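Only one structure is covered here, and it is reproduced in the block below.
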Amino acid sequence: MLGAAREVEPSLSRGDDFILFWHRVGRIAFHAANDARERGETAEAMALVLAGPAHWQTEAYWRRYDDHEALTAYILYENGGRTEAIQRLRARPVLGGQAERALKDIEAAP
């Protein structure tokens, strides 16, 4: 699905009429990455967490789905990107509960 969405992205609307579609693409990336992480496949999780067309990766999406923001940070950290994970979370104007907890966890980790 994520690859297919990337292929047809140029022909899809980027307006508000498609916002639910784009959020759905983001949720597919979230669930796929989360499943891979739970299986211990950190490299696969890294490839999936931001997969598909980048159009779903909006500030509105990250605010609404702070679980995905938190998962992205944890996966970055687990793949050796501690600094990148912290910078990503600190760059957000507002952090939801799960993302805020991820920031605290990663900052406290060795």
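Scanning region 89-106 for residues being open to solvent by 60 Å² or more (accessible area, probe 1.4 Å), in a helix (DSSP H, G or I) and either of a type in the set (Asp, Glu) or under 26 Å from Arg24 (Cβ atoms) (or both) gives a total of 4. All conditions in (1) under 21 Å from Val25 (Cα atoms); (2) aliphatic (A, V, I, L, M); (3) open to solvent by less than 50 Å² (accessible area, probe 1.4 Å) hold for Ala109, with the sole exception of (1). One residue stands out in region 47-87 among those that are in contact with a Phe, Trp or Tyr (Cβ under 6 Å, 6 or more places away or on another chain) and among the hydrophobic types (A, V, I, L, M, F, W, C): the one that is nearest to Ala36 (Cα to Cα), namely Ala85.
Within region 16-58, track down each residue that is in a loop (DSSP other than H, G, I, E, B), farther than 19 Å from Tyr77 by Cα and open to solvent by less than 30 Å² (accessible area, probe 1.4 Å). Give the steps one after another, and end with the answer.
Here is the first cut: in region 16-58, the ones in a loop (DSSP other than H, G, I, E, B) are 39-41, 49-53, 57-58.
Checking which are farther than 19 Å from Tyr77 by Cα leaves us with 52-53, 57-58.
Gly52, Pro53, listed by residue number.
Search region 34-60 for residues that are at pLDDT 95 or above and pair each with any residue that is polar (S, T, N, Q) and outside any loop (DSSP other than H, G, I, E, B) when their beta-carbon atoms are under 7 Å apart and the residues are at least 6 apart or on different chains. Hits for this filter: Val49/Thr72; Leu50/Thr72. Could you list, in sequence order, all residues of region 61-88 that are surrounded by fewer than 16 Cβ atoms within 10 Å (Cβ to Cβ) and free of Cβ contacts under 8 Å to residues at least 24 places away in the same chain? Answer for region 61-88, where residues must be surrounded by fewer than 16 Cβ atoms within 10 Å (Cβ to Cβ) and free of Cβ contacts under 8 Å to residues at least 24 places away in the same chain: Gly80, Thr83, Glu84, Gln87.
When region 68-87 is filtered for residues that are assigned to a loop (DSSP other than H, G, I, E, B) and of a type in the set (Asp, Glu), nothing remains.
The values are calculated or read from the model by the stated rules, or taken from the named source; none is laboratory data. Here the structure is a predicted model, which means the values were calculated and not measured. All Cβ positions, even for glycine, are placed from backbone atoms using ideal geometry, and neighbour counts span all protein chains on display. Keep in mind that these areas ignore ligands, DNA and RNA; they rest on the heavy atoms of the full protein, side chains included. Shrake-Rupley method; radii C 1.70, N 1.55, O 1.52, S 1.80 Å.
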